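Structure first, then comments.
No lab work stands behind these numbers, since they all come straight from the coordinates. No experiment lies behind these values; they were computed from the predicted model shown. Backbone-built Cβ (ideal geometry, glycine too); neighbour counts: all protein chains shown.
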Amino acid sequence: MEYNFLKIEQPQGGVTVMTISAPKSLNALNSTILKEIDTFISGLDASTRVLIITGDGEKSFVAGADISEMAHLDEPQGTEFGRLGAQVFRKIETLPIPVIAAVNGFALGGGCELAMACDIRICSSNAKFGQPEVGLGIIPGFSGTYRLPKLIGQGYAKEMIYTGKVIRSDEALRIGLVNAVYEQPELMGKAIEMAQMMLKCAPVAITLAKQSINEGYDLDADGAIGLENKLFGKCFSTCDQKEGMDAFLNKRKAEFKGE
Ligand code: CO8
């Protein structure tokens with residue numbers, strides 16, 4: 001499949017890198033790009049066990065939703081544009097595989113929201129994060145009001161959203177918005193390194209762990225613990241659990257099949 005705004009690479013078996021590429025607008029997301037991401041995500045198959053999302057160039061991950069497209073929208077169109085982005089990001093969040101955002105520069109508005117829909121965020125030292133929407137007369141519309149408080153707590157999320165302030169990578173690290181900061185040339189290598197560690201582990205177990213974390217987060221304590229218990233039990237129906245434990249007991253390296 002050919003894309004106009006996405007570059008897809010497999011630097012090694014099991015790891016796929018999706019690069020958003022609209023350099024003239026610092027990779028801002030218009031509806032065409034969102035639909036391309038949707039098509040790509042929907043078509044992922046078993047050859048991808050970890051997905052890395054990044055932006056083209058060394059300046060910007062994604063500088064937000066496309067302001068030139070949004071400028072003339074009325075209420076129904078604005079609602080529809082927001083729904084499109086939110087649905088695509090939700091698909092990313094609920095993929096059965098880990099998704100790493102390698103944030104290589106500006107992650108503003110929809111760019112920050114895209115990074116937050118990923119499981120893990122690492123960034124380059126020049127990265128900048130923010131939800132500047134109120135300065136444009138709108139609110140975060142790709143689920144930022146939902147995910148930012150979950151990730152960093154309501155107090156700081158409200159400060160970022162009400163002021164539109166842009167924070168640097170060291171501050172993003174301090175507040176837990178990203179897991180690590182690297183120099184730009186190292187960023188993709190570090191993302192692939194993390195993916196490689198995941199590839200060594202049991203794929204079904206990672207999928208179930210992701211489900212337990214994501215779905216459990218929105219439940220009460222009994223619901224979340226009950227869900228974990230159900231999914232924990234399910235692990236024992238997999239060949240990978242037998243293989244992992246047999247390998248440990250026999251002091252050999254496990255060979256997981258994802259079954
Ligand atoms: N949309 C459209 N074009 C953009 C965007 C954007 N978000 N960001 C940058 N561009 C374009 C610029 O217009 C410029 O184009 P041109 O060369 O034709 O003038 C080009 O990219 C380069 O940008 P700059 O010249 O501004 O580069 P600087 O290095 O001076 O500044 C910044 C970089 C700080 C990133 C600056 O471009 C900027 O502030 N961009 C806008 C950031 C922003 O406000 N993002 C949030 C947008 S709103 C949003 O994401 C809402 C999501 C939810 C939507 C819900 C819908 C209902």
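In table form, for the structure just shown:
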{"read-out": "Two-site label geometry, ARG83 and LEU227: point separation in nm, points 7 Å out along Cα→Cβ", "value": "2.5 nm"}
{"read-out": "Ranked by how many other beta carbons lie within 10 Å on average, peptides 45-53, 100-108 from highest", "value": "100-108, 45-53"}
{"read-out": "For region 89-189, radius of gyration divided by Kirkwood radius, i.e. Rg to Rh on alpha-carbons", "value": "0.95"}
{"read-out": "Residue with peak Gaussian network fluctuation, the chain [Cα springs, cutoff 10 Å], from LEU84, LEU73, LEU34", "value": "LEU73"}
{"read-out": "Estimated inter-spin distance, ASP246 and TYR3, nm [label 7 Å along Cα→Cβ]", "value": "3.9 nm"}
{"read-out": "The chain: most fluctuating residue of PRO23, PRO185, PRO132 per GNM, C-alpha cutoff 10 Å", "value": "PRO185"}
{"read-out": "For region 117-259, alpha-carbon Rg and Dmax in angstrom", "value": "19.3, 62"}
{"read-out": "Cross-link partners of LYS200 among lysines (Cα-Cα below 18 Å; sequence separation of 8 or more within a chain)", "value": "LYS190, LYS210, LYS242, LYS251, LYS253, LYS257"}
{"read-out": "Order of VAL88, VAL181 under a 10 Å beta carbon neighbour criterion, fewest first", "value": "VAL181, VAL88"}
{"read-out": "Region 164-243 pair-distance distribution - Cα-Cα, 5 Å bins, rounded %", "value": "3, 12, 14, 14, 15, 16, 13, 8, 3, 1, 0"}
{"read-out": "Rounded to the nearest 20 debye, dipole of the chain from Cβ charges on Lys, Arg, Asp, Glu", "value": "600 debye"}
{"read-out": "The chain: most fluctuating residue of LEU219, LEU29, LEU95 per GNM, C-alpha cutoff 10 Å", "value": "LEU219"}
{"read-out": "Counting DSSP beta bridges with both ends in the chain, the antiparallel % (nearest 5)", "value": "25 percent"}
{"read-out": "Kyte-Doolittle mean at least 1.6, axial Cα span of 20 Å or more - DSSP H helices of the chain", "value": "none"}
{"read-out": "Rg/Rh (Cα only; Kirkwood hydrodynamic radius) as it applies to region 1-154", "value": "0.94"}
{"read-out": "Alpha carbon convex hull of the chain, projected area averaged over orientations, nm²", "value": "15.0 nm²"}
